[in-house]
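The values are calculated or read from the model by the stated rules, or taken from the named source; none is laboratory data. What you see is a predicted model, and the numbers here were worked out from it, not measured in a lab. For neighbour counting, all protein chains shown are included, and Cβ atoms are generated from backbone atoms with ideal geometry for every residue, glycine included.
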Amino acid sequence: MSGWLTSVIALVVGDREADRVVPPTGFTATLTVFTSAAMAFLAVFALALSLATDRLADRWAAELARTSTLRISAPAGQLGPQTEAALRLLETTPGVASARALTTEEQRDLLTPWFGAELPLETLPIPQLIEIVEEGDGYDPTGLRARLQAEVPGAVLDDHTRWREPLVEAASRLRGLGIVSLVLIGGATAAMITLAAQAALAANAQVIRVLRLVGAQDAYIARAFVRRFTLRAMAGAAIGMLAGLLGILLLPRADIAGGFLTGLGFRGTGWLLPLLIPPLAGVVAFFATRSAALRSLKEQS
């Protein structure tokens, strides 16, 4: 435990003499900064995807859970009476807050994306749609279907269950993919920083031998590499995080364009979550570099 504590203190306080052990520039420095920046950039979008799917699942569940649709198919002469009978039945159904028949214009708007604006509804046998809004614990769909079958034979009840459940499940899986992506990003960052640290240790093998001749301990040498690579990773992650946030800000707003991808972003305090990415990248770099440094130094002894 004291070794970890000493490394953390050295990371915060710094040691000018120890910092000279690790060259400030070179391909390992560039690789560390670039990898951290790229992974932080991707982490911002993975985090935004995970949060967006959370909101999407909640919205789909809320919007579809409290509404249902009643479709009435009947000959032209019976459509009106059956619609009125259905409305009267729904008014006396427990759990139904309101029910109304959609107008011809509303039904035309629903069909326009599929059949175009010139669809002649008046000449087509279009079913009458009734929108049902639930209240409290909702209604009993089985009992309502039985009553409709007896009193309104041309009515078909759609409580949106077959639509709601797959959509919510799909959103939950997308959220899971976002979390898995974050884990993979962290693992890839650790692997790349480990390779960079090992390369830096191998490139400075002669310097390390000289330090050992003058009495430097492996823990002292390792702390120098840990500090330098951790700070590089945090700097790169900060750059990538800012670039990712800028990319999120440039996406169209959901209330303008609509749809799922335009809702990809952060809301309220969610904007603070990406600020955790640079410190987390530093933690990953700290442990990855320390492990790689101690292992490489042991192999070189």
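Before we move on, is Ala235 surrounded by fewer than 16 Cβ atoms within 10 Å (Cβ to Cβ) and in contact (Cβ under 8 Å) with a residue 24 or more places away in the chain? No, not satisfied. Restricting region 67-78 to residues that are outside any strand (DSSP E or B) and touching a residue at least 60 places away in the same chain (Cβ under 8 Å) leaves a set whose member that is surrounded by the most Cβ atoms within 10 Å (Cβ to Cβ) is Ala74.
If you check Leu157 against the conditions, is it at pLDDT 80 or above, on the phi < 0 side of the Ramachandran plot and part of a helix (DSSP H, G or I)? Here the answer is no, as Leu157 does not meet what is asked. Close Cβ contacts (under 6 Å, 6 or more residues apart or on different chains) running from residues in region 89-100 that are touching a residue at least 24 places away in the same chain (Cβ under 8 Å) to residues that are exposed (fewer than 15 other Cβ atoms within 10 Å of the Cβ) and not in a loop (DSSP other than H, G, I, E, B) comprise Leu89/Glu151; Ala97/Val133; Ser98/Val133; Arg100/Glu131.
A quick yes/no check of all residues on (1) assigned to a helix (DSSP H, G or I); (2) more than 30 Å from Arg71 (Cβ to Cβ); (3) at pLDDT 85 or above:
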{"site": "Val168", "(1), (2), (3)": "yes, no, no"}
{"site": "Val180", "(1), (2), (3)": "yes, yes, yes"}
{"site": "Val183", "(1), (2), (3)": "yes, yes, yes"}
{"site": "Ala191", "(1), (2), (3)": "yes, yes, yes"}
{"site": "Val210", "(1), (2), (3)": "yes, yes, no"}
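Considered as a group, the residues in region 247-301 that are among the hydrophobic types (A, V, I, L, M, F, W, C) and in a loop (DSSP other than H, G, I, E, B) include one that is modelled with the highest pLDDT, and that residue is Phe266.
So that you can scan it fast, the table gives a plain yes or no per residue for (1) among the hydrophobic types (A, V, I, L, M, F, W, C); (2) within 19 Å of the chain's Cα centre (by Cα); (3) exposed (fewer than 15 other Cβ atoms within 10 Å of the Cβ):
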| site | (1), (2), (3) |
| --- | --- |
| Ser181 | no, yes, no |
| Ile193 | yes, no, no |
| Val207 | yes, no, no |
| Val210 | yes, no, yes |
| Val226 | yes, no, no |
| Met241 | yes, yes, no |
| Arg267 | no, yes, yes |
| Pro278 | no, yes, no |
| Ala285 | yes, no, no |
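Taking region 133-148 as the range and being assigned to a helix (DSSP H, G or I), surrounded by 13 or more Cβ atoms within 10 Å (Cβ to Cβ) and not aliphatic (A, V, I, L, M) as the test, the residues that pass are Pro141, Arg145, Arg147.
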